Amino acid sequence: MYKATEAMSSAQVRMVDLRSDTMTKPCAEMRRAMAEAVVGDDVYGEDPTVNDIQLQAAQLLGTEDALFVTSGTMGNLISVMCHCYSRGGEILIGDESHLCMYEQGGAAQVAGVFTRTVRTLKDGTLDLQDLESKIQHGFPDAHFGETRLICLENSHNRMGGRVLPLSYMMEVRKLADRYHLKIHLDGARLLNAALSLGVKPSEIVQFCDSVSFCLSKGLGAPVGALIGGPKQFIANAKRIRKLLGGGMRQAGVLAAAGIVALNRANENLALDHHNAKAFAVGVQALSSPLCTVDPAVVDSNMVLLMLADKVPAQDLCKQLGHTTQMGSEQPVSVQALPMSSHCVRLVWHRDITELDTKLALEKLRVVLQSYSEEPRLQ
Ligand SMILES: Cc1ncc(COP(=O)(O)O)c(C=O)c1O
């Protein structure tokens with residue numbers, strides 16, 4: 001039985017926060033870059049640091065232009081609004097996508113755009129037959145809306161960081177072209193996907209008409225996302241950004257951290273992917289009937305733990321979060337996120353070390369053991 005020591009002061013406790021890669025704190029280099037950033041009024045297009053990051057992003061994405069926005073949610077909403085500028089547009093999105101689950105139906109609430117959901121498969125792809133069947137064929141008959149856009153997500157958050165293969169992206173492109181539809185990619189973790197596939201981000205984006213990616217996830221910047229697309233698309237996006245209240249003035253202080261994040265991206269993300277995989281392999285080696293994971297489907301920086309009936313996800317997260325003295329190491333608390341009643345998500349990021357990963361695994365082992373013992377420690 002392990003010993004939970006709740007009274008421990010937080011300064012003594014080693015917090016291993018695996019809830020999300022949004023938990024990263026800006027590093028010293030970012031803070032320095034923010035303090036020293038050369039800035040101007042970005043609504044006038046006069047912030048040199050914002051202009052720099054937009055140029056850098058457009059090159060990375062292989063798009064004509066790019067736009068700095070506040071968040072991934074804003075990037076997705078602006079993109080949907082650009083693709084469905086006139087009324088009566090419909091979009092097709094995955095039923096497990098971030099756009100569907102966690103963006104408050106912004107397409108409907110804010111943009112008046114109707115959404116049809118498509119079945120998401122375990123690997124994060126959309127079922128292509130279902131996708132095709134959801135396209136409206138009746139337009140311009142007065143009964144029908146007009147399908148305009150397909151949204152994909154790569155890597156896929158709720159499917160545990162699964163990365164969509166390039167061959168699949170190409171299939172969706174062919175289908176979209178057959179029906180004259182556009183494709184927007186929610187690439188919040190596009191750089192994770194590119195690293196996992198061993199390709200440049202632009203090789204993924206080539207199949208899409210627009211893309212958004214986040215600076216504030218695995219890349220570790222405190223704020224920001226970028227949208228990429230053709231020049232006219234980005235000009236429209238800039239208008240809509242202002243409409244939504246996202247016209248920031250001396251935003252170079254934020255973009256400066258983003259530039260550091262981009263320059264450091266690959267080395268950081270590679271370590272995250274390595275640690276996530278090592279953790280999954282470690283969980284599999286525990287051979288616990290209470291908690292399973294398939295390391296083969298750990299494509300990037302996330303691990304999904306599938307739990308037996310007697311281990312509710314909420315409860316497991318609570319047990320992991322208890323401060324525990326383990327061996328001679330500092331007391332440890334592990335934060336994780338329940339994804340459903342019996343699934344827990346763990347996400348690796350720049351602030352999680354190899355030692356954190358080992359401690360998290362050990363903590364999981366000890367907690368799982370407590371579920372096998374009677375009576376179980378609460
Ligand atoms: C796949 C995906 N898209 C979009 C977002 C939204 O990003 P933000 O939190 O910056 O609005 C997230 C956030 O976790 C995400 O995982």
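Things to note:
- Gyration tensor (alpha-carbon) shape descriptor, segment 134-251, a/c threshold 1.5: oblate
- Taking amide H positions as modeled 1.01 Å from N, with prolines and chain starts lacking one, the residues under 5 Å from E64 and 5 or more places away or on another chain are G229, K231.
- Among C151, C343, C208, residue whose mean-square fluctuation peaks in a GNM of the chain (springs only between Cα atoms under 10 Å): C343
- Integer Hz, Karplus 6.51/-1.76/1.60 couplings in order for segment 16-33, x for Gly and Pro: 10, 9, 10, 5, 6, 7, 7, 7, 4, 9, x, 6, 4, 4, 5, 4, 5, 4
- Only the Cβ atoms of Lys and Arg (+1) and of Asp and Glu (-1) were treated as charged; on that basis the dipole of the chain about its Cα centre amounts to roughly 260 debye.
- Whole-Hz ³J(HN,Hα) from phi, Karplus 6.51 cos²θ - 1.76 cosθ + 1.60, for segment 298-313, glycine and proline x: 8, 8, 9, 10, 10, 10, 9, 9, 9, 10, 6, 3, 7, 10, x, 4
- For V69, the residues whose modelled amide H falls within less than 5 Å of its own, excluding neighbours fewer than 5 places apart on the same chain, are A225, L226, I227.
- Quotient of Cα Rg and 2.2 N^0.38 Å for segment 37-96, N being how many residues it contains: 1.40
- Neighbours of A188 by Cβ distance under 13 Å: Lys/Arg scored +1, Asp/Glu scored -1, total -1.
- Extreme residue, positive dipole direction of the chain, given options G327, F144, G218 (C-beta unit charges): G327
- Here the relative contact order of the chain, from alpha carbon pairs under 8 Å that lie six or more residues apart, stands at 26 percent.
- Options W348, V281, A313, ranked by Cα towards positive dipole end of segment 226-378, top entry (Cβ charges): W348
- Dimensions in Å of segment 28-263 - Rg and Dmax from alpha carbons: 17.3, 59
- Of V199, V211, V293, the residue with the greatest mean-square motion in the GNM of the chain, using alpha carbon springs below 10 Å, is V199.
- With loop membership from DSSP and a limit of 12 other Cβ atoms within 10 Å, the longest segment of the chain without GluC sites (Glu not before Pro) is 7-372.
- Charge tally around T73: other residues with Cβ under 10 Å, Lys/Arg +1 each, Asp/Glu -1 each, net -2.
- For segment 28-263, share of DSSP beta bridges that run antiparallel, in % to the nearest 5: 40
- Comparing P289, P331, P48 in a Gaussian network model of the chain where C-alpha atoms under 10 Å apart are linked, the largest mean-square fluctuation is found at P289.
- Placing +1 on each Lys and Arg Cβ and -1 on each Asp and Glu Cβ, with no other charges, gives segment 60-180 a dipole about its Cα centre of roughly 100 debye.
- Put a dot 7 Å past the Cα of K25, heading toward its Cβ, do the same for L355, and the two dots end up 1.6 nm apart.
- Relative contact order computed over segment 50-151 (Cα-Cα under 8 Å; 6+ residues apart), in percent: 26
- Lysine pairs meeting the criterion (Cα under 20 Å, 8 or more apart or interchain), as found in segment 28-263: 8
- Cut-off 12 Å between beta-carbons: net charge of the residues surrounding D41, Lys and Arg +1, Asp and Glu -1: -2
Values quoted throughout were computed directly from the atomic coordinates according to the rules given, and no laboratory measurement underlies them. Everything quoted here is computed from the prediction, not taken from an experiment. Glycine gets a Cβ as well: all are built from the backbone with ideal geometry, and neighbour counts include every protein chain shown.
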